[in-house]
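Undergrad: Here it is, the structure in full.
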Amino acid sequence: MYRPVPRNEISDAVVHLRELHRQFTPSNDRERYAFERRELITKNLLSNLRRTGDHPTLSLLLEIADIFSLTIEGAHRLFGYDLGGIREYELRLNGSRTHIVESYAFERDLLVDLPLELASSEAYTSDATLGELVRSWQRDIPMRALKGPAWRRPGTFYVHVGTEDSLGSSLPPGAMALVEPIEEAEARQPNPRSIYLLQFTNGYRFSPLRCVHGYLTSTGQ
């Protein structure tokens, strides 16, 4: 989750990032401003690095990510943080309770396989294997390609099913579930064949009903 990084290692990485950006000559006012800002922040960072604490502020990490064109995960990794490890640690602490989880992919350049051609909508109305639902795949696509409405319906989010508080539903304890909004008419008259994520004053629970569509719906509360 975190490993102390020697100051000289951080300095070398910052200098390397600065030299990479220096290879490109600014061609307009916006790029010249970005160049000057990067040089100034880099100079101040290198001058003050040995006097700063082991844990930089979030504002500094965001600034470093911005000026050096890094991902949020990349800026954290520069100082020894493993955001994926932090997510796993959070799951150990809160895994017994059903809770919303952060689904942002920090490793934006990680190569993944994405569906290219899906089966007809009728195939999703009953149980099926992944091979029956996805007819063909596109290989080695950077995870950043998942950004945008084409890959996620607005209002959707991910939930970790608690290992102790959702035992009445058909969802396996500890599973990850995608929650989607439902229409107002269904909110007034829920479908008894669907599973709903319910919000209470002390947390979330899944309704102990059967899901026949392969995904979850939410009342939006």
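Undergrad: Please determine, by comparing only the residues of the range 152-170 that are free of Cβ contacts under 8 Å to residues at least 40 places away in the same chain and in contact with a strand residue (DSSP E or B) (Cβ under 7 Å, 6 or more places away or on another chain), which one is farthest from residue 87 (Cα to Cα). Talk me through it step by step, then tell me what you get.
TA: Taking the range 152-170 first, the residues free of Cβ contacts under 8 Å to residues at least 40 places away in the same chain are 152-154, 156, 167.
If we keep only those that are in contact with a strand residue (DSSP E or B) (Cβ under 7 Å, 6 or more places away or on another chain) as well, we get 153, 156.
Details: 153: 24, 156: 19 Å.
So, considering only residues that are free of Cβ contacts under 8 Å to residues at least 40 places away in the same chain and in contact with a strand residue (DSSP E or B) (Cβ under 7 Å, 6 or more places away or on another chain), the one farthest from residue 87 (Cα to Cα) is 153.
Undergrad: Hey, another quick one. Please specify each residue of the range 82-100 satisfying the condition of being modelled with pLDDT of 85 or more, under 16 Å from the mean Cα position of the chain (by Cα) and surrounded by 14 or more Cβ atoms within 10 Å (Cβ to Cβ).
TA: 82, 99
Undergrad: Which members of the range 21-41 meet the condition of being under 15 Å from residue 64 (Cβ atoms) and open to solvent by less than 70 Å² (accessible area, probe 1.4 Å)?
TA: Correct list: 21, 34, 38, 39, 41.
Undergrad: Search the range 108-152 for residues being part of a loop (DSSP other than H, G, I, E, B) and among the basic types (Lys, Arg), and hand back the single one that is modelled with the lowest pLDDT.
TA: So, considering only residues that are part of a loop (DSSP other than H, G, I, E, B) and among the basic types (Lys, Arg), the one modelled with the lowest pLDDT is 152.
Undergrad: Moving on. Quickly run through the range 64-78 and pick out the residues that are under 20 Å from the mean Cα position of the chain (by Cα) and open to solvent by less than 80 Å² (accessible area, probe 1.4 Å).
TA: Of the residues in the range 64-78, the ones under 20 Å from the mean Cα position of the chain (by Cα) are 64-66, 69-78.
Passing the criteria: 64, 65, 70, 71, 72, 73, 74, 75, 76, 78.
Undergrad: Out of (1) of a type outside the set (Phe, Trp, Tyr); (2) closer than 20 Å to residue 13 by Cβ; (3) in contact (Cβ under 8 Å) with a residue 24 or more places away in the chain, what's the single condition that is false for residue 101?
TA: Single failed check for residue 101: (2).
Undergrad: Consider the range 66-98. How many of its residues are on the phi > 0 side of the Ramachandran plot and without any contact (Cβ under 8 Å) to a residue 60 or more places away in the chain?
TA: Adding up the residues that qualify gives 1.
Undergrad: Looking at the range 42-62 only, could you name the residues that are modelled with pLDDT of 85 or more and surrounded by fewer than 17 Cβ atoms within 10 Å (Cβ to Cβ)?
TA: Within the range 42-62, 43, 44, 46, 47, 48, 49, 57, 58, 59, 60, 62 qualify.
The values are calculated or read from the model by the stated rules, or taken from the named source; none is laboratory data. Please read these numbers as outputs of a predicted model, since none were measured by experiment. Using ideal geometry, Cβ is built from the backbone for each residue, glycine included, and neighbour counts are taken over all protein chains shown. Heavy atoms of the whole protein, side chains included, go into the accessibility calculation; ligands, DNA and RNA do not. Shrake-Rupley method; radii C 1.70, N 1.55, O 1.52, S 1.80 Å.
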